[in-house]
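Right, one structure below, let's go through it.
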Amino acid sequence: MLVIDVLQSKRRKTAQPARATAADLSDSDDSDAPLGKQLANKKAEIEADAEKEAKKIQAKEKKAKAAPKKKVKDESDDDDDKPLAKKKAPAKAKAKVKTETTPKKAAAKGKGKAAKVETEQDAEAEDEEEEYRWWEQEKSDGTKKWDTLEHNGVVFPPEYEPLPNHVKMAYDGIPVTLKPEAEEVACMYGSMLHSTVNVENPTFNKNFFQDFSEYLDKTGHATDRDGKKVKITKFEKCDFKPIFEWYTAEREKKKALSTAEKKELKKEKDEAEAAYMYCLWDGRKQKVGNFRVEPPGLFRGRGEHPKTGKVKKRVRPEQITINIGKEATVPAPPEGHNWKEVKHDNEGTWLAMWQENINGAYKYVMLAANSDVKGQSDFKKFEKARELKKHIARIRDDYQKEMKSDMMADRQRATAIYLIDQLALRAGNEKGDDEADTVGCCSLKFEHVTLKPPSTVVFDFLGKDSIRFYQEVEVDPQVFKNLKLFKKSPKGEGDDIFDRLNTSGLNKHLSNYMPGLTAKVFRTYNASWTMARLLKELGDKGLKGSIPEKVNAYNEANRRVAILCNHKRTVGAGHAGQMEKMQTKINGLRYQQWRVKQMMLDVDPKMKKKKGADFFELPEDIDQEWVLEHQKALVEESREKIKKKFEKDNEKLLAEGGKKMSGKELDERLEVADELEKKFKKENKSGKVEAEGKGPTIEKLEGNMDKLSQRIEAMKLQSEDKENNKEVALGTSKIVSSPSRKT
DNA sequence: CCAAGGACTTAGTACATCGTGC
DNA sequence: GCACGATGTACTAAGTCCTTGG
């Protein structure tokens, strides 16, 4: 039997017996082992919470039905509801989108108010009641996505503009002239020299140079100043710096434009693109997400992508398929070109599509995230996650049981579901050799899991986007046992942990619990659930407390979700410096506090007795040396500021036709800083600080102290927040819990 | 059943814009 | 009013998962 089973799973290099041996199973029924109870408690807690949650949500659902959450009204603010032609866009745009002023009412489906389509008159009405309430739409069968669809196709990136004659890459120190096509490729590289992640990646360089060489061969070789052939054979001899500098200069030029000029340019661009920004979906105006065709460039695969650095070619109209309503006017391809195909597939939500040349991946033009369709499917996603709440207890019970199954496949599946549920792992589809070597749950390999008896497991692997997942987790003893079993020899490095499991089998099993249940739903569920719980905790105890404390608590909740989902980012280059700056600032405030304390003594020497001598000491971690440094910095800062202001004022005077102020004036102004310096000197010498301000009283000084304390606390929190956040990407989980609805 | 095809969501990063403390 | 960091947006790669066809 064993043999047969192994053969059946030929797909894997190494498989394990379908049935666990007696030895494997002997100790598998001690479900009440020490760790078990810990987790059981946790589980009970989770389940109780989940039930509470479920009730709350049901209640909310009722409420929501009674008073549907109103969609943000900014559409009316922004005249987005009005027909396109009414917008500032002049005649040309009007002609192109003519159909929009006469929406096809015939096509409008749905019931009553929901299907109301805007017309010129009621656009003025600005009535929220008139909006399409997709969240109230009854569920369709989910295949047909639209009845009518009109749009204007895609925007192509500008054609390549050759470099001016004086800008040339150098080969072996000699400036060379390239044919435009090859030059374009050289520019792709030259314009990104600042991106060290890529430029210092050998694979990137190898792939780039390979493709670059092809272009050179294809277009004919480069030439030097005298028109003599230059053979470009070594990457190391290529100097793209002149190109880089030219691009940098161009960018600077653009940056240096006045705000008015920039606005003008932006306006022009917006006008040119206005027609593409929106489409008409069942008669409703909807924002298109990515109507711009991706420009050519070097492929920037993440992690150790074997194809990173290859040339991503310019996409031609002949590669693009348009999807559009049967009745609609098909957007014209650029002069002298044709579309690859025009489809009328109303079971798809895409408007245009092409295949990219590097991986053969499909690229789609779809609606924006804030459109009705996307909103609807987002909504559905959360509905599904909420439905999981009803089944989660049973699923968890089942996987606990099945983890002891004597069918290897079931045991693996149960263990995998445990990991997906508890650690928020992704499903982990199989990947090809021509992709970065990353894994998810089902594709975990031998070397990604290390067992530390009695029941700790170390996960260390690269997940999506080659983001490292590293966690030492105390797991259910059965999970530990199973993982040990799944790693048993003859398995070794490179072999799958779950050799009898793949994502489709896993999802098929999950769908038995609930239609549409797949591995990714667990991530949504656990992220939402965690956020809800933390926010509730925040609500319970966080209501009191200062604003910074509340912000900090909210960020903390957000962070915990991001951590759960392993949302990471690369630590910014300036992070360490910024942290140091903050600390210096905090210390500066603390020093300031110390000074205020001395002032108190100045006002009332008896304070020393009252408060105790300790109170008036410098904080331990601040020494005299630091104080001197700090004083110097303060004085210097003050000087700089005065100088800057002086120069500014002078410029202004000149501009107004006046004349510059004398150096004497500057000196006079600088006296403030000099005095500050003197004051510090005096303080250092006498060890006393004269009370500042007129009529200083202990009360006033106490007030100053409080203010400083508050600022210190706020800064400390802020700095803590920053440090804790340095490698956590908050954006994604923020989107998950409250998607932007701006139009 | 499996691999390839296809459509859609998820995610990090680069860059633009905003807002705020000095 | 400005510089700077925080926040938002655009871009597109990298996942998930369903369908299709042999």
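The values are calculated or read from the model by the stated rules, or taken from the named source; none is laboratory data. Computed from a predicted model, the values in this text were never measured in an experiment. All Cβ positions, even for glycine, are placed from backbone atoms using ideal geometry, and neighbour counts span all protein chains on display.
Below, the figures for the structure above:
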item	result
Hits in the stretch A:157-195 (condition: of a type in the set (Ser, Thr, Tyr), touching a strand residue (DSSP E or B) at 6+ places or on another chain (Cβ under 8 Å) and within 15 Å of A:LEU298 (Cα to Cα))	A:TYR189
Every residue from the stretch A:459-479 that is out of contact with any Gly (no Cβ under 9 Å at 6 or more places or on another chain) and either more than 15 Å from DNA strand C (Cβ to nearest atom) or more than 14 Å from A:GLY428 (Cβ to Cβ) (or both)	A:ASP460, A:ARG468, A:TYR470, A:GLN471, A:GLU472, A:VAL473, A:GLU474, A:VAL475, A:VAL479
Hey, A:ARG560 under 30 Å from A:LYS380 (Cα atoms), within 16 Å of DNA strand B (Cβ to nearest atom) and either touching a residue at least 60 places away in the same chain (Cβ under 8 Å) or buried (at least 20 other Cβ atoms within 10 Å of the Cβ) (or both) or not	no
Number of the condition not met by A:VAL475 [criteria: (1) among the β-branched types (Val, Ile, Thr); (2) surrounded by 14 or more Cβ atoms within 10 Å (Cβ to Cβ); (3) without any contact (Cβ under 8 Å) to a residue 24 or more places away in the chain]	(3)
Hits in the stretch A:509-530 - residues which are within 16 Å of DNA strand C (Cβ to nearest atom) and either under 10 Å from A:VAL561 (Cβ atoms) or assigned to a loop (DSSP other than H, G, I, E, B) (or both)	A:MET514, A:PRO515, A:GLY516, A:LEU517, A:THR518, A:ASN526, A:ALA527, A:SER528
Candidates A:ASP410, A:ASP433, filtered to the one that is outside any helix (DSSP H, G or I) and either out of contact with any His (no Cβ under 7 Å at 6 or more places or on another chain) or surrounded by fewer than 22 Cβ atoms within 10 Å (Cβ to Cβ) (or both)	A:ASP433
Subset of the stretch A:478-499 (residues that are touching a residue at least 40 places away in the same chain (Cβ under 8 Å), part of a loop (DSSP other than H, G, I, E, B) and either in contact with a Leu (Cβ under 6 Å, 6 or more places away or on another chain) or farther than 13 Å from A:LYS445 by Cα (or both))	A:PRO490, A:ILE497
Given (1) surrounded by fewer than 19 Cβ atoms within 10 Å (Cβ to Cβ); (2) at pLDDT 95 or above; (3) within 15 Å of DNA strand B (Cβ to nearest atom); (4) of a type outside the set (D, E, K, R), number of the condition A:SER377 does not satisfy	(2)
Residues that are in contact (Cβ under 8 Å) with a residue 40 or more places away in the chain, assigned to a helix (DSSP H, G or I) and farther than 17 Å from A:TYR160 by Cβ, drawn from the stretch A:211-243	A:LYS237, A:LYS241, A:PRO242
Any hit, the stretch A:244-264, residues being touching a strand residue (DSSP E or B) at 6+ places or on another chain (Cβ under 6 Å), surrounded by 12 or more Cβ atoms within 10 Å (Cβ to Cβ) and more than 20 Å from A:PHE299 (Cβ to Cβ)	no
Answer from A:LEU367, A:LEU425, A:LEU444 - the residue that is surrounded by 15 or more Cβ atoms within 10 Å (Cβ to Cβ) and within 27 Å of A:ASP282 (Cβ to Cβ)	A:LEU367
Those strands (runs of 3 or more DSSP E) lying entirely in the stretch A:301-374 with at least 3 residues under 23 Å from A:ASP465 (Cβ atoms) and within 12 Å of DNA strand B (Cβ to nearest atom)	A:362-365
Residues satisfying the stated conditions in the stretch A:711-729, i.e. of a type in the set (A, V, I, L, M, F, W, C) and in a helix (DSSP H, G or I)	A:ILE712, A:ALA714, A:MET715, A:LEU717
Count - residues of the stretch A:520-540 that are hydrophobic (A, V, I, L, M, F, W, C) and farther than 16 Å from A:LYS390 by Cα	6
Residue count for the stretch A:250-289, restricted to those that are in a helix (DSSP H, G or I), more than 16 Å from DNA strand C (Cβ to nearest atom) and modelled with pLDDT of 90 or more	0
In the stretch A:726-743, residue surrounded by the most Cβ atoms within 10 Å (Cβ to Cβ) [restricted to those that are more than 9 Å from DNA strand C (Cβ to nearest atom) and modelled with pLDDT of 70 or more]	A:VAL728
Odd one out for A:THR349, checked against (1) more than 24 Å from A:GLU273 (Cα to Cα); (2) in contact with a strand residue (DSSP E or B) (Cβ under 8 Å, 6 or more places away or on another chain); (3) modelled with pLDDT of 95 or more	(1)
Count - residues of the stretch A:436-466 that are hydrophobic (A, V, I, L, M, F, W, C) and in a helix (DSSP H, G or I)	1
Whichever residue in the stretch A:500-517 is surrounded by fewer than 15 Cβ atoms within 10 Å (Cβ to Cβ) and among the polar types (S, T, N, Q) and, among such residues, is farthest from A:LYS445 (Cα to Cα)	A:ASN512
